[in-house]
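Heads up, the thing below is written out as structure tokens.
Please treat every number below as a calculation from the coordinates, not as lab data. Note that the coordinates shown come from a computational prediction; the quantities given were computed from them, not determined experimentally.
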Amino acid sequence: MKIVKFASIVMGEGYTPESEKAFFQNPHNDTSFFGVSSLEEACKLAVELKLRGYECLELCGAFGADGAQKVIKATDGKIAVGFSIHLPEQDNLFDRLFS
């Protein structure tokens, strides 16, 4: 059975992928979580992950569509990249948190 290598990347001030990371594994998946402080750092990490055989990246909402496109470009479109969004009815909650 194939093991899928999946990573989730969250972006926030002060994060570094060297110190903000976690790993989980089961018979079906290798799952990794990383924190980065910038889009540039995320693109660099994404290239490293591609070279290590990761097949899917899920980005936090801070990346937005434009950031996701930059990560896709950095990985030559060779791995699946998604990003988290929220429902419009929660805009006020997110605006309060991140304004």
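Starting from 0 in steps of 10 Å, tell me what percent of the Cα-Cα pairs of the chain lands in each bin.
15, 46, 29, 9, 0
Mind checking the full-extension length gain between Ser84 and Phe23? Use 0.36 nm per residue of separation minus the Cα-Cα distance, one decimal, nm.
Working: separation 61, 0.36 × 61 = 21.96 nm, distance 1.97 nm.
Extending this stretch completely gives an extra 20.0 nm.
Normalised by the number of residues in the chain, what is the relative contact order in percent for Cα pairs under 8 Å and 6+ residues apart? Show your work: numbers first, answer last.
Working: 163 pairs, mean separation 26.5, N = 99.
Rounded, it is 27 percent for the chain.
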